[in-house]
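Structure, as structure tokens:
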Amino acid sequence: MAWANQDKTAIVGIGATDYYVRGKSWPRTINDMAAEAIMNACADAGISHKQIDGFAYYSTAGAGYLDKFDTASLMETLGMPHISYSATLTSGGGGCPGAIGLATAGLMNEDCTYTVTLMALQQLPQHRLGVVFGASAPSPENSFLQPSGLVGPGHLMSMLTRRHMHLYGTQPEAFKEIVQATRANTHNRPKAVRRNPLSDEEYWGSPMLADPLRRLDFCLETDGAVAVITTTMDRAKDCRHKPAVVHACAHGGQREWGRAFAWMGMPDPHFASSGHKFTADRIWAQSGLTAKDVDVALIYDHFSPMVLMQLEDYGFCEKGEGSDYVLSGKIRYDAATQGGVNGGVPVNTHGGNLNEAYIIGMTHIVEGVEQVRGTAINQVKDAEFALVSGGPASLPVSSLILRSA
Amino acid sequence: MTYGPARALPGDQIKITTNPDTEPFWEAAKEHKLTACQCGACGKFRMPPTPVCPECGSREKNWPTLPGTATVFSYVVCNKNPKNGEDYVYVPVVVDLDGAPGARLNANVSGCDADDVYIGMKVVVDWTPIQDGWVLPNFKKA
């Protein structure tokens, strides 16, 4: 059944700081970077940041990781006269596009008029996301995980990946292709952290961090901030750019994925998956679309195999066929035709978390907006629908379909 | 790739905490008994131990002593000690516990080369003393 809020709100502003290699953003502070991203997004929308009256976040109630930002500090920092909506989608980066659904909820409830969704990230030496589990104090629950030496998200994704390779014959060459195909999209992106073409030799020579995954299968560790502004379609018409219409947005998940990789109890075939099947089914039902109807897919790529598993969960290919799908070139963007390759849908035309920057998924939303505006650096010709996903991670995960106005 | 012998992480670097829901598992481990949380009403197993049976809602629990054998469900090969970054080959595994269908443990496996670990490999519990007098179940090749 079509979503009740279909095409009623739109993302009208996008803004970011520069992207810094982990730790290099200091002496900037979290609130400094967050404020710059918000002000840039408001300028892009053609509104004053003092018109913001709503926040729709993801990733824990305090918002953010490591050094936190929150509504009260941002409101004071930016001099917003009043706030009438402040909501957070629980869990981690999997909630990124789902936060636009929270924004829509606030807007459709007439609680607010312009809502900001934000991630600001700073990984100083004393705290890095990559060792977040290993560095945290033991708890009764993680005492069933930490002692095994599964200390970071990449270790856990490697465990899922190994099972996928076992069940379906998935080849390491497919992971290489995901990294190379998305790296090929960053050579012309001025802010991208990794812009050089990636050779086979460089990929295979990349150190094994958690066999079967190499360093280059892991996303970047980045500092920076990204913000987007969502408003109602009526207000969107008065903004500077063509609106990126919120066509569908879903978050959630099913019990078989449950606590997922902090638990490792998932039965097959869920174990060797991205945990997105439930949310994928919901967003296709909401939108009336299928994977083949989207023009570009911005797929959360904190670890290369999780792109492959999302392609399966969203139905770009059948379960277990992700390796063949990727290896046939179908995630590539062809600059000459501004389209896909071999009947595929271009994936991560901005380079993704693996190559451009890792701001916990916000860059995928920005690219989705630019694609349906028609202003992307690697523009897909006549892009009407863009799919954006967040996660795989602990539930909820989420996804968003943006539509060209 | 040749990794050589798989070693469990050093027990003196490992610390755990417990709560009333999980403590029976760790108390049994001190006596070198492998157990898992079983619902006292419907008999379904769950791990890590949680307060309420997700199948039937009962708070009743059993802690049966399991055979101590298991099967590797998936694994990763790591080559740096996460505490200090030194070269150290260890193999985190997720195992299905014999006698407790649906219950899994995360652990290390040893007693073979890391290169020889495979999904479906039979393993047997191997007790590792850790900090504060607790004992951790790891596994050795059966």
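Among A:197, A:392, A:305, the residue with the largest mean-square fluctuation in a Gaussian network model of chain A, with springs joining Cα atoms closer than 10 Å, is A:197. Absence of a disulfide-compatible partner, taken as no other cysteine beta carbon within less than 4.7 angstrom, is noted in the protein assembly as shown for A:42, A:96, A:112, A:219, A:239, A:249, A:317, B:37, B:78, B:112.
Partner aspartates and glutamates whose Cα lies under 13 Å from the Cα of residue A:24, excluding those fewer than 8 positions away in the same chain, are identified as A:221, A:223. Straight-line reach from residue A:319: taking Cα to Cα under 24 Å and skipping same-chain neighbours fewer than 8 places apart, the lysines in range are A:176, A:277, A:292, A:330.
Legend: calculated FRET efficiency, residue B:13 to residue A:324, from the Cβ-Cβ distance at R0 = 35 Å, rounded to 0.05, equals 0.25.
Quick check on chain B: take the gyration tensor over C-alpha atoms, sort the square-rooted eigenvalues as a ≥ b ≥ c, and tell me if it's rounded (a/c under 1.5), prolate or oblate.
Taking the square roots of the gyration eigenvalues as a ≥ b ≥ c, chain B is prolate.
Tell me the per residue accessible area of chain B using a 1.4 Å probe; a whole number in Å² is fine.
Per residue, chain B has 43 Å² of solvent-accessible surface.
How would the range A:315-357 be classified by its alpha-carbon gyration tensor: rounded, prolate or oblate, with rounded meaning a/c under 1.5 and the a/b versus b/c comparison settling the rest? Cα axes put the range A:315-357 in the oblate bin. Structure remark: mean-square fluctuation, Gaussian network model of chain A, C-alpha springs under 10 Å; the largest value among A:121, A:387, A:156 belongs to A:156. Along its first, second and third principal axes, ordered by size, the range A:221-364 spans 50, 37, 37 Å in Cα coordinates.
For the range B:18-141, the fraction of 1.4 Å probe accessible surface lying on carbon and sulfur atoms is 47 percent.
Let me know the shape class of the range A:149-292, please: from the alpha-carbon gyration tensor, a ≥ b ≥ c as square roots of the eigenvalues, rounded when a/c is under 1.5, otherwise prolate if a/b is greater than b/c, or oblate.
Numbers: a/c = 2.10, a/b = 1.26, b/c = 1.67.
In terms of gyration-tensor shape, oblate.
The B and A chains share an interface that buries close to 2800 Å² of accessible area, total over both sides, probe 1.4 Å. For chain A, the solvent-accessible area works out to 33 Å² per residue, with a probe of 1.4 Å and every protein chain left in place.
Just the C-alpha atoms of the protein assembly as shown: what Rg/Rh do they give, with Rh taken as the Kirkwood radius? If you can, show how the numbers build up before the last one.
Working: Rg = 23.5 Å, Rh = 23.9 Å.
Taking Rh as the inverse mean 1/r over Cα pairs, Rg/Rh reads 0.98.
Between A:205, A:253, A:361, the Gaussian network model of chain A with springs among Cα atoms under 10 angstrom shows the greatest mean-square fluctuation at A:205. Each Lys and Arg Cβ is given +1 and each Asp and Glu Cβ -1; about its Cα centre, chain A then shows a dipole of about 240 debye.
The values are calculated or read from the model by the stated rules, or taken from the named source; none is laboratory data. The structure presented is a predicted model; accordingly, all values stated were derived computationally and were not measured. Ideal geometry is used to build each Cβ from the backbone, glycine not excepted, and the neighbour counts take in all protein chains shown. Just so you know, the surface numbers come from the protein's heavy atoms only, side chains and all, with ligands and any DNA or RNA stripped out. Shrake-Rupley method; radii C 1.70, N 1.55, O 1.52, S 1.80 Å.
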